[in-house]
Amino acid sequence: MKKITIAIDGFSSCGKSTMAKALAQRLQYSYIDTGAMYRAVTLYAIRHGMISAGLPLLDKIEGCVEQLDISFRYNEVLHQSEVYLNGENVENEIRGMEVSSLVSKVAAIKKVRATMVVLQRKLGKNKAVVMDGRDIGTSVFPNAELKLFMTADPEVRARRRMDEYSSKGQFYPIEEVKESLRQRDHDDMTRAESPLVKADDAIVLDNSELSREQQLEFVLKLIADLHFADKSELRGQK
Ligand code: DC
């Protein structure tokens with residue numbers, strides 16, 4: 001089967017990464033979690049005093065972002081791709097509430113985005129990749145063969161995020177989680193640099209009431225249809 005690029009965008013906690021991981025595993029593609037890259041930059045900023053009064057210090061972050069070494073390595077034991085910041089595995093640390101609350105502000109910085117997009121294009125240049133984020137179908141890979149835009153009911157999303165936190169031993173009141181999600185969506189949709197919008201040719205997947213299996217089945221069918229259309233086109237050319 002022809003290798004394709006799959007772009008998955010959408011709101012926070014809509015199950016983008018769950019879908020992306022399942023697809024990558026099924027298709028034997030690589031999976032790139034672009035949110036993890038912005039989270040790694042945010043963690044670096046927190047650790048190095050580049051946040052003041054809850055806001056990122058632009059000059060400081062812009063001055064160092066190009067020097068950061070952000071990469072992914074596959075963990076053979078946990079069967080997951082993990083993000084590394086300057087050689088250190090930061091997969092767990094980037095998922096806490098502190099990074100979550102600041103990341104959308106860091107991700108809005110023009111130079112941070114430009115630097116991450118260069119890296120993302122490099123990581124996906126050979127296709128056979130599933131990449132999830134907010135601007136993959138609109139900005140990073142506008143020619144991706146398959147674009148999904150995922151969404152879900154805010155209550156469902158907050159519960160999912162709480163489950164994710166509690167599985168890591170972190171517990172927060174639901175109202176706090178909801179507010180953090182609402183703020184993040186707002187920041188992501190209203191920023192000047194490649195805001196979160198649905199690409200015109202993206203397919204919307206509202207998974208509020210769908211199981212993981214149902215979602216995967218839906219997307220695998222889309223991919224099969226793509227390959228079928230591709231073959232028909234080739235037959236037509238003969
Ligand atoms: O998917 P996530 O929750 O890990 O993303 C973390 C933050 O990074 C989120 O606020 C949006 C931002 N982000 C972005 O602006 N562009 C991307 N391609 C991926 C994430």
Could you list, in their original order, any pairs among K21/K60; K198/K221; K127/K231; K127/K221; K127/K147; K122/K221 whose Cα atoms are separated by more than 25 Å?
-> K21/K60; K122/K221
What angle do you read, to the nearest 10 degrees and between 0 and 90, between the alpha-carbon axis of helix 34-47 and the longest principal axis of the chain?
-> 10 degrees
Calculate one ³J(HN,Hα) per residue across the stretch 173-181 by plugging θ = phi - 60° into the Karplus curve 6.51 cos²θ - 1.76 cosθ + 1.60, and present them in order as whole Hz with x for glycine and proline.
-> x, 4, 4, 5, 5, 4, 5, 5, 5
Expressed as a whole percentage, what fraction of the accessible surface of the stretch 1-114 belongs to carbon and sulfur atoms when a 1.4 Å probe is rolled over the protein heavy atoms?
-> 50 percent
Nearest 10, in degrees from 0 to 90: the angle of helix 97-107 to the longest Cα principal axis of the chain is 70 degrees
What is the packing order of peptides 135-143, 154-162, 69-77, taking the mean over residues of other C-beta atoms within 10 Å and listing the highest first?
-> 135-143, 154-162, 69-77
Add +1 for every Lys or Arg and -1 for every Asp or Glu among the other residues with Cβ under 13 Å from the Cβ of Y84, and state the total.
-> -4
Residues with amide H under 5 Å of F11's amide H, sequence separation 5 or more or different chain, H placed in the peptide plane at 1.01 Å from N; which?
-> M150
Calculate how steeply helix 154-167 sits against the longest principal axis of the alpha-carbon atoms of the chain, using the helix alpha-carbon long axis, and give the answer as 0 to 90 degrees to the nearest 10.
-> 70 degrees
So what does E213 come to for accessible area, using a 1.4 Å probe and Å² rounded to 10?
-> 120 Å²
Treating only Lys and Arg (+1) and Asp and Glu (-1) as charged, each at its beta carbon, one finds that the chain has a dipole about its Cα centre, in Debye to the nearest 20, of 680 debye
Rounded to the nearest 10 Å², the accessible area of T151 at probe 1.4 Å | 30 Å²
For the chain, build the charge dipole from Cβ charges (+1 Lys, Arg; -1 Asp, Glu) around the Cα centre, then report which of S211, H227, A24 sits farthest towards its positive end.
-> H227
Shape call, the stretch 75-214: gyration tensor on alpha carbons, a/c limit 1.5 | rounded
Under a GNM of the chain (C-alpha, springs under 10 Å), which listed residue has the highest mean-square fluctuation: F11, F171, F149?
-> F171
Round to the nearest 10 and report in Å² the accessible area of C64, as given by a 1.4 Å probe over the protein chains' heavy atoms.
-> 20 Å²
How much accessible area per residue does the chain have, in Å², with a 1.4 Å probe?
-> 52 Å²
Which shape class applies to the chain: rounded if a/c is under 1.5, otherwise prolate when a/b exceeds b/c and oblate if not, where a ≥ b ≥ c are the square roots of the Cα gyration tensor eigenvalues?
-> prolate
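The values are calculated or read from the model by the stated rules, or taken from the named source; none is laboratory data. Computed from a prediction, not measured in an experiment: that's the story for all the values here. Cβ sites come from the backbone with ideal geometry, for glycine too, and all protein chains shown count toward neighbours. Accessible surface is based on the protein model in full, side chains and every heavy atom, while ligands, DNA and RNA are left aside. Shrake-Rupley method; radii C 1.70, N 1.55, O 1.52, S 1.80 Å.
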